[in-house]
Amino acid sequence: MKSFSSVRNGLRWLIERLLLISLIVSLLLVVWIFAGNIPGKSVEVRAGVKGAYFETASVDLGKFLKKDDINIKISNRADS
């Protein structure tokens, strides 16, 4: 009978603290999700043929993003 009483007391303790435990676990999960999804500070753009519109637009975009400390790398490829 003593073991049944200790199990019941243990369950009562868990139920009384279940809301707090679930809130802490949920908060840790949200922090973990957002910490893993922080975007990087660099972008690679495949701009097509050198001197074409996509390259000039990429250069303009790079100047715009430079204000926010985001670096842009322009790769010129004829097949992009």
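For region 18-23, in order, what is each residue's ³J(HN,Hα) by Karplus, 6.51 cos²θ - 1.76 cosθ + 1.60 with θ = phi - 60°, in whole Hz (x at glycine and Pro)?
4, 5, 5, 4, 5, 5
What 222 nm value per residue comes from the helices of the chain, counting each DSSP H run with n ≥ 4 as -39,500 (n - 2.57) and dividing by all residues, nearest 500 deg cm²/dmol?
The helix contribution divided over the chain gives -21500 deg cm²/dmol.
Across the chain, how many lysine pairs separated by 8 or more positions, or lying on different chains, have Cα atoms within less than 25 Å?
Count of close lysine pairs: 10.
From the Cα gyration tensor of the chain, with a ≥ b ≥ c the square roots of its eigenvalues, which class applies: rounded if a/c is under 1.5, or else prolate if a/b is larger than b/c, or else oblate?
The shape class here is prolate.
Please list the non-local residues whose amide H lies under 5 Å from the amide H of Ile72, H modeled 1.01 Å from N, same-chain partners needing a gap of 5 or more.
Val43
Please state the charge dipole magnitude for the chain, taken about the Cα centre, from unit charges on C-beta atoms (+1 on K and R, -1 on D and E), reported in debye and rounded to the nearest 20.
Here the chain has a charge dipole of around 400 debye.
Quick one: which residues, 5+ away or cross-chain, put their amide H under 5 Å from the amide H of Arg46? H built at 1.01 Å from N.
For Arg46, whose amide H was placed from the backbone, the distant partners under 5 Å are Ser75.
Roughly what angle does helix 53-66 make with the longest principal axis of the chain, taking Cα atoms, 0 to 90 degrees, to the nearest 10?
50
Every number in this text was worked out from the coordinates using simple rules, so none of it is lab data. This structure is a prediction, so every number in the text was calculated from the model and none was measured. Every residue, glycine among them, receives a Cβ derived from its backbone with ideal geometry; neighbour counts consider all protein chains shown.
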